[in-house]
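K.L.:
Sending over a structure as structure tokens; questions will come in a sec.
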Amino acid sequence: MAAIDAWHEAPSKSDPIAQGDQVLNVEHFEVRHPPTGDPIVAVQDRDFIILTQSCDTPGHSTLLVAPIEPLYDWAARNPHMFPDLENIRKGEFTSYYILPRFAGAMDFNRDRIATLDDLISLPRAEIERAIDSGRPRLKMKSPPREHFAQSVARSLMRVGLPVDIDPYKFEQTDSAKSAVQTLGAGLRFREEQKTTTSHHRRTKVGDQITKVTVHGPNGAYVQGIGETDEGALASLRGAIEVRRAECAAGDTKWQWLEDLF
């Protein structure tokens, strides 16, 4: 496993806010505008990473941030992106940035992913209030901080890393085929359908991932990803709902899936 402490360090409460800081459970006020009626103010706790350059954070009342979440939670919601994890790690997807786990803090003991194209301008006071109230926070060391800045800026400059993130390469440990009719949460096929449940281990690190796949005609399939069998099944239900919605909107390539219900 990579020496994760080469990437991160636990900050003191007095450390100034800097680019690359991760802050969890920030109470965020979001204004939603429904099609009709008055705007709705929603309050929710979200996890963010600071994008504003460190030299600019002291004098600005708002900070540019991006949402972050545990990597495998994100993969469970986006199972079609799971095969691209290694390319994301290599920086080939400019919209995402993987943040390795930090063994020195329980709140950061899972790899996370930042969605860099989901930019949010957040009042500085919201971040400061979260930090002052003791919400979990993690700082980036150099040169990972400059490497992250490069991704944010989409520049041509490349900052090398002395210790890289371990590759997202998985080996299949087992696979079993079965006939399934009930998927849980009220979702049920008309008849039993052929599915494959396979388990995969991330080499060097040991992360365990489950894939549950429903097979269609001519090589078509829909798949769920999770850290557990139950999580993969929940991911599959979400993927099916998305594809059925696309079918209802006119995407005929998913008609085979709609015909199963």
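The values are calculated or read from the model by the stated rules, or taken from the named source; none is laboratory data. A quick note: this is a predicted structure, and the numbers were derived from the prediction, not measured. Methodologically, a virtual Cβ is constructed for each residue, glycine included, from the backbone with ideal geometry; neighbour enumeration extends over all protein chains shown.
K.L.:
Residues of segment 113-155 being in contact with a Gly (Cβ under 8 Å, 6 or more places away or on another chain), in contact (Cβ under 8 Å) with a residue 40 or more places away in the chain and either farther than 17 Å from PRO16 by Cα or not in a strand (DSSP E or B) (or both), which ones?
P.N.:
The answer is PRO144, ARG145, PHE148, ALA149, SER151.
K.L.:
Now, a different point. Check ASP164, ASP207 and return the single one that is at pLDDT below 90, under 30 Å from VAL65 (Cβ atoms), surrounded by 13 or more Cβ atoms within 10 Å (Cβ to Cβ) and of a type in the set (Asp, Glu).
P.N.:
ASP164
K.L.:
What's the total number of residues in segment 88-97 that are part of a loop (DSSP other than H, G, I, E, B) and either charged (D, E, K, R) or not assigned by TED's automatic domain parsing to the domain that holds ASP47 (or both)?
P.N.:
The number of residues fulfilling the criteria is 2.
K.L.:
Checking the structure you have, find out if any residue of segment 1-23 is under 30 Å from ASP229 (Cβ atoms), among the β-branched types (Val, Ile, Thr) and at pLDDT below 85.
P.N.:
Yes, the conditions are met somewhere in segment 1-23.
K.L.:
Just a yes or no: is a residue in segment 98-112 assigned to a loop (DSSP other than H, G, I, E, B), touching a residue at least 24 places away in the same chain (Cβ under 8 Å) and exposed (fewer than 13 other Cβ atoms within 10 Å of the Cβ)?
P.N.:
No, because not a single residue in segment 98-112 is assigned to a loop (DSSP other than H, G, I, E, B), touching a residue at least 24 places away in the same chain (Cβ under 8 Å) and exposed (fewer than 13 other Cβ atoms within 10 Å of the Cβ).
K.L.:
Considering only residues that are buried (at least 16 other Cβ atoms within 10 Å of the Cβ) and either among the charged types (D, E, K, R) or not in a loop (DSSP other than H, G, I, E, B) (or both), which ones fall in segment 26-59?
P.N.:
VAL26, HIS28, ARG46, ASP47, PHE48, ILE49, ILE50
K.L.:
Considering only residues that are of a type in the set (Ser, Thr, Tyr) and over 20 Å from the mean Cα position of the chain (by Cα), which ones fall in segment 157-202?
P.N.:
Correct list: THR173, SER175, SER178, THR182, THR195, THR196, THR197, SER198.
K.L.:
Give the residues of segment 43-95 that are within 30 Å of THR213 (Cα to Cα), of a type in the set (Asp, Glu) and in contact (Cβ under 8 Å) with a residue 12 or more places away in the chain, sorted by residue number.
P.N.:
GLU69, GLU86, listed by residue number.
K.L.:
If I ask for residues that are in a strand (DSSP E or B) and touching a Phe, Trp or Tyr at 6+ places or on another chain (Cβ under 9 Å), which ones from segment 10-25 would you list?
P.N.:
GLN22, VAL23, LEU24
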